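Enquirer: Below you will find the structure I want to go over with you.
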Amino acid sequence: MTDAEGLSRVDLVAIIVELRRSNGVLAERVEFLEAEVERLRCQLPGCGSTVVPEWVKPNRKERREAERTERKKRTQSFVRRREIATEVHEHAVEQCPKCGRKLCGGWVHRTRQYVEIPETPVRIVEHRIIRRLCGVCGTQCTPQVDLSTEVLGKARVGVRLMSFIAYLHTVCRVPLRTIKSHLNVIYGLDLGLGELCRILHAVSEAAKPEYDVLLEEIRGSPVVNADETGWREDGISGYIWSFSTGSVRYFVYRHSRSGQVAKEVLGEDFDGVVVSDFYCGYSVLLTRHQRCWVHFYRDLKKLVEAYPSELSVGGWVETVLSIYKQAKDFSSDDERTRVRQREIFEQTLLEVGRPYFKSDKPQRILAERIEKFLPELFVFVEDPRVPSENNAAERAVRPFVIAGKVSGGTRSAKGSDTKAVLMSLFGTWLLTGHDTMQMCRQMLISANRITCPVADKAILSHVA
C-alpha cells in the first residue's frame, strides 16, 4: 500500500523514526547550551545564576496613567513660522482624468512655500520738466521740481543707491571692485571705480555736519575711550585715532602718533576721564586718566611666562592681580568712601612694588610702571562710570584693522578723510541699533534740503 507520492508505509515509519531521533539530538544540544550559558554567567564577578549584574540596566516599568504628569506647555514655539506669502499660485485639476467632467470649487489639500529674491533691474528715472506758455499774457511757466528726497544735488545716482554703496563699503567692508561686480550682476548697473569713489566722497561731504556733531558729543562726554591703530595712505604709514563712548564712535586720520592729535580732537577744555593704554602720548592731556588693566595684565602674564622657574615672580604677579580683583569687587554709594578706598588700593599696590624699584629683579620694569601711573590705575574705584579697561576702544578700532587687511589702506588724503567720516557715522548707528542704510538715506536727504532749498512756486518768465 502506497500514498499519493508513491511512499510505502514502511518508508513513512522510517522517516518518522529519523525525525524523532534528530529531535532528540537537538533537544540535548539545547540543554547543553543552556547549561553552558548558566555556567558562564556564574563566572562573572558578583553575579550568580539568579543575581542580575550591576551593570545591567533594569527594564523600565511602564508608568501608570495616574502617574503620568501633563506636559508643561511652552510659552514660545521653536518651529519655523510660515512666512506671509507675497505671491499665491493655485493649482487645480480642471477636468476629471477618468470621466472628463469639468471640475470646480475644491479645498486646499496642502501648501508648498519657498523664499526667492526678485529679479530687480536698475530703475532709470527721468523727470521731464514741461514749460508752458500762457496764450493770454505770454508768460512761460516752468514747474520747480523737488527731488531732494530722491537724488543728492546734481548727482547721477539716487540717495538709496548711494546709501547702499556706502553701506557695502563701510559696514560690509566690500572692496570697490567687488561692489562694481555686484551691481552689474544683480541689477545690471555698470558703474566705474572712479564713479564709486566720487559717490563715497559725496556721502562723506554730506555727512560733515553729522560728523561735527559727533565730535561735540565726544568733547562733552564725562568718559572717553581712546586708542590708535596703524593705517596706510598711498603706501605711507599713518594712524587712525579712535575716540568712543557708550553711544558714539569718532575716528580721525593723522600721519602722526603724537599726543597733540588727542589734544587737538578733545580740545583744551576737556575735563572728562580718558581711558587708554599706557602709551605716553595721552599724558599730554591735562585731565584725569584711567589706564587699561587688561594691557597691564598681559604684561604681567608675559613676565610669568618669561620666568617660569622664578617662584617669587609668580607670587608677586598674583599679589598684584589680587589687589585689582578686590578693587573690581568693591562698590559703594558714598563718594567719600570710594575716594578713601581708592587711596587705600593705591597705597597697597605701591607697597607691593616698592621693593623692586631700581633693582635688578625681573619685576623692576612693571613695578616702576606702577609707581609712574599709580594715580591713573584706580580711578574706576572712585568713579563708577569709568571702566577699568579699554575694551571699548579696542572694539571700536577692530573694523579699521580688518578693513586695512582687506584693502591695504587708502590712496589719498581725501580717501582717508572719507573713510574716517563714514566709519564714524556707520559705527555710531550700529552702536545705537539703528538701520544704517535708512539713517544714511535720511542724512543725505537732510543735507540735500539744507544745501539746495526748493521754492514752492513755479518759475515765471515773461516773453517780450
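Read-outs: derived from the displayed coordinates by stated rules, not from any lab. As the structure is a prediction and not an experimental result, all values here were calculated from the model. Methodologically, a virtual Cβ is constructed for each residue, glycine included, from the backbone with ideal geometry; neighbour enumeration extends over all protein chains shown.
Enquirer: By a straight-distance test (C-alpha under 18 Å), which lysines pair with LYS358 as possible cross-link partners, with residues fewer than eight away in the same chain excluded?
Expert: LYS372
Enquirer: Which FRET efficiency value, to the nearest 0.05, do you get for GLN76 and ILE117 by plugging their Cβ-Cβ distance into 1/(1 + (r/R0)^6) with R0 = 35 Å?
Expert: The pair GLN76/ILE117 has a calculated efficiency of 0.75.
Enquirer: How long are the three semi-axes of the equivalent ellipsoid of segment 80-166, in whole Å, if each is the root of 5 times an eigenvalue of the C-alpha gyration tensor, listed from largest down?
Expert: Equivalent ellipsoid semi-axes, largest first: 53, 25, 11 Å.
Enquirer: Can you list residues whose amide H is under 5 Å from ARG232's amide H, if they're 5+ apart or on another chain and H is modeled 1.01 Å from N?
Expert: Those qualifying (amide H under 5 Å, at least 5 residues apart or on another chain) are GLY238, THR410.
Enquirer: So who's got an amide H within less than 5 Å of the one on VAL223, skipping anything under 5 residues away but keeping other chains? H placed 1.01 Å off N, in plane.
Expert: VAL273
Enquirer: A follow-up question, please. How large is the convex hull of the C-alpha atoms of the chain per residue, in Å³?
Expert: For the chain, the hull spanned by Cα atoms encloses 542 Å³ per residue.
Enquirer: Turning to a different aspect of this structure: In whole Hz, with x marking every Gly and Pro, tabulate ³J(HN,Hα) for segment 407-417 from phi via Karplus 6.51 cos²θ - 1.76 cosθ + 1.60, θ = phi - 60°.
Expert: 9, x, x, 10, 10, 8, 5, 5, x, 5, 5
Enquirer: Which residue, PHE357, TYR211, CYS137, has the largest displacement toward the positive end of the dipole of the chain when charges sit on each Cβ (Lys, Arg +1; Asp, Glu -1)?
Expert: Farthest towards the positive end: CYS137.
Enquirer: Sort TYR307, TYR167, TYR114 so that the residue with the fewest other Cβ atoms within 10 Å of its own Cβ comes first and the one with the most comes last.
Expert: Neighbour counts put them in this order, fewest first: TYR114, TYR307, TYR167.
Enquirer: Here's something else I'd like to know. Grab the DSSP H runs of the chain that are 4 residues or longer, score each as -39,500 (n - 2.57), total them, divide by all residues and round the 222 nm result to the nearest 500 deg cm²/dmol.
Expert: -15000 deg cm²/dmol
Enquirer: Show me, for segment 263-274, the HN-Hα J-couplings you get by feeding each phi into the Karplus relation (A = 6.51, B = -1.76, C = 1.60, θ = phi - 60°), rounded to Hz, glycine and proline as x.
Expert: 5, 5, 6, 7, x, 6, 9, 5, 10, x, 9, 9
Enquirer: While we're on this one: Looking at segment 138-239, which trypsin sites (Lys or Arg not before Pro) are in a loop (DSSP not H, G, I, E or B) and have at most 16 other Cβ atoms within 10 Å?
Expert: LYS154, ARG156, ARG173
Enquirer: Where a Cα-Cα gap under 20 Å defines reach, which aspartates and glutamates qualify for LYS414, not counting those fewer than 8 residues away within the same chain?
Expert: GLU195, GLU205, GLU210, ASP212, GLU228, GLU233, ASP234, GLU264
Enquirer: On to the next question. Along the Cα-to-C-beta direction of GLU87, a point sits 7 Å from the Cα; which residues of segment 171-196 have their amide N less than 20 Å from that point?
Expert: Of the residues in segment 171-196, 186-188 have backbone N under 20 Å from the label point off GLU87.
Enquirer: Once phi is turned into θ = phi - 60°, what whole-Hz ³J(HN,Hα) does the Karplus curve with 6.51, -1.76 and 1.60 give for every residue of segment 235-250, x standing for Gly and Pro?
Expert: Working through the residues one at a time gives x, 9, 6, x, 9, 9, 9, 10, 10, 9, 10, x, 9, 9, 10, 9 Hz.
Enquirer: What is the list of residues in segment 110-147 whose amide nitrogen lies under 16 Å from a point 7 angstrom out from the Cα of ASN184, following Cα to Cβ?
Expert: From segment 110-147, the list is 122.
Enquirer: Looking at the chain only, what percent of DSSP beta bridges run antiparallel? Nearest 5 please.
Expert: Of the beta bridges lying entirely in the chain, close to 75 percent run antiparallel.
Enquirer: Which value, in debye to the nearest 20, describes the size of the charge dipole of segment 293-382 about its Cα centre when Lys and Arg Cβ atoms bear +1, Asp and Glu Cβ atoms bear -1, and nothing else is charged?
Expert: Dipole of segment 293-382, to the nearest 20 debye: 220 debye.
Enquirer: In whole angstrom, note down how far apart the Cα centers of segment 263-283 and segment 320-399 are.
Expert: Using only Cα atoms, the two centres lie 18 Å from each other.
Enquirer: Taking +1 at the Cβ of each Lys and Arg and -1 at the Cβ of each Asp and Glu, which of LEU196, VAL304, VAL284 sits farthest along the dipole of the chain towards its positive end, judged by Cα position relative to the Cα centre?
Expert: Checking the options against the dipole of the chain, the answer is LEU196.
Enquirer: Out of ILE165, GLY106, ALA403, whose Cα points farthest toward the positive end of the dipole of the chain (charges: +1 Lys, Arg; -1 Asp, Glu; placed on Cβ)?
Expert: GLY106
Enquirer: State to the nearest 20 debye the size of the charge dipole of the chain about its Cα centre, where the only charges are +1 on K and R beta carbons and -1 on D and E beta carbons.
Expert: 1280
Enquirer: While we're here: May I ask you to list the aspartates and glutamates whose Cα is less than 13 Å away from that of LYS73, ignoring any residue fewer than eight positions away on the same chain?
Expert: Excluding near neighbours in sequence, the set is empty.
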